[in-house]
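Worksheet for the structure shown next.
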Amino acid sequence: MMSEAVLDIKKCKTQALNYAAVEFDRLKMEATEVGTVQMKRNACPKVLTNAQKKVDLPDNEPLCKEVIHSRIRDGRKLLVTHYPGPIFPMVAVKALLLDAIVQFATMR
């Protein structure tokens with residue numbers, strides 16, 4: 001089992017990558033609206049350092065720009081991870097059913 005600190009760092013890194021991907025996508029859209037093909041040269045390090053500062057990610061956990069570029073490549077929608085997905089519809093009823101089963105088992 002992983003420690004809480006490791007899980008917190010992974011969560012922070014994921015949040016930082018999501019933030020950086022959204023910012024890169026915004027800069028890319030601004031560049032295409034102006035008519036230029038490429039973004040500014042120093043945009044990549046600035047966005048990555050801003051993302052690290054925003055989520056308080058330690059400096060020993062670097063963000064890889066290739067991951068960001070793979071999320072915003074042409075012909076692909078912006079990819080942001082950790083979408084919780086659909087929720088099981090029986091979650092609200094699960095505790096009640098378990099209580100009923102345990103109660104019926106004790107009645108036997």
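The values are calculated or read from the model by the stated rules, or taken from the named source; none is laboratory data. Because the structure is predicted, anything quoted here is derived from the model rather than measured. Neighbour counts run over all protein chains shown; Cβ positions are idealised from the backbone, glycine included.
From Ala95, Ala43, grab the single residue that is at pLDDT below 85 and either exposed (fewer than 10 other Cβ atoms within 10 Å of the Cβ) or in contact with a Pro (Cβ under 8 Å, 6 or more places away or on another chain) (or both).
Numbers: Ala43 fails: either exposed (fewer than 10 other Cβ atoms within 10 Å of the Cβ) or in contact with a Pro (Cβ under 8 Å, 6 or more places away or on another chain) (or both).
Ala95 is the lone residue from the list that is at pLDDT below 85 and either exposed (fewer than 10 other Cβ atoms within 10 Å of the Cβ) or in contact with a Pro (Cβ under 8 Å, 6 or more places away or on another chain) (or both).
From the list Leu48, Leu79, Leu27, Leu17, exactly one residue is modelled with pLDDT of 80 or more, touching a Lys or Arg at 6+ places or on another chain (Cβ under 7 Å) and surrounded by 11 or more Cβ atoms within 10 Å (Cβ to Cβ). Which is it? Spell out the reasoning first.
Details: Leu79 fails: modelled with pLDDT of 80 or more; Leu27 fails: touching a Lys or Arg at 6+ places or on another chain (Cβ under 7 Å); Leu17 fails: touching a Lys or Arg at 6+ places or on another chain (Cβ under 7 Å).
From the options Leu48, Leu79, Leu27, Leu17, the qualifying one is Leu48.
How many of the residues making up segment 4-43 are of a type in the set (A, V, I, L, M, F, W, C), free of Cβ contacts under 8 Å to residues at least 24 places away in the same chain and part of a helix (DSSP H, G or I)? Steps first, please.
Initial filter on segment 4-43 (of a type in the set (A, V, I, L, M, F, W, C)): 5-7, 9, 12, 16-17, 20-22, 24, 27, 29, 31, 34, 37, 39, 43.
Next, only the ones that are free of Cβ contacts under 8 Å to residues at least 24 places away in the same chain stay: 5-7, 27, 29, 31, 34, 37, 39, 43.
Of the ones still in play, those that are also part of a helix (DSSP H, G or I) are 5-7, 27, 29, 31, 34, 43.
Counting residues in segment 4-43 that are of a type in the set (A, V, I, L, M, F, W, C), free of Cβ contacts under 8 Å to residues at least 24 places away in the same chain and part of a helix (DSSP H, G or I) gives 8.
Determine, yes or no, whether Ala51 is touching a residue at least 24 places away in the same chain (Cβ under 8 Å) and part of a helix (DSSP H, G or I). Walk me through it before giving the result.
Details: touching a residue at least 24 places away in the same chain (Cβ under 8 Å): yes; part of a helix (DSSP H, G or I): yes.
Yes, satisfied.
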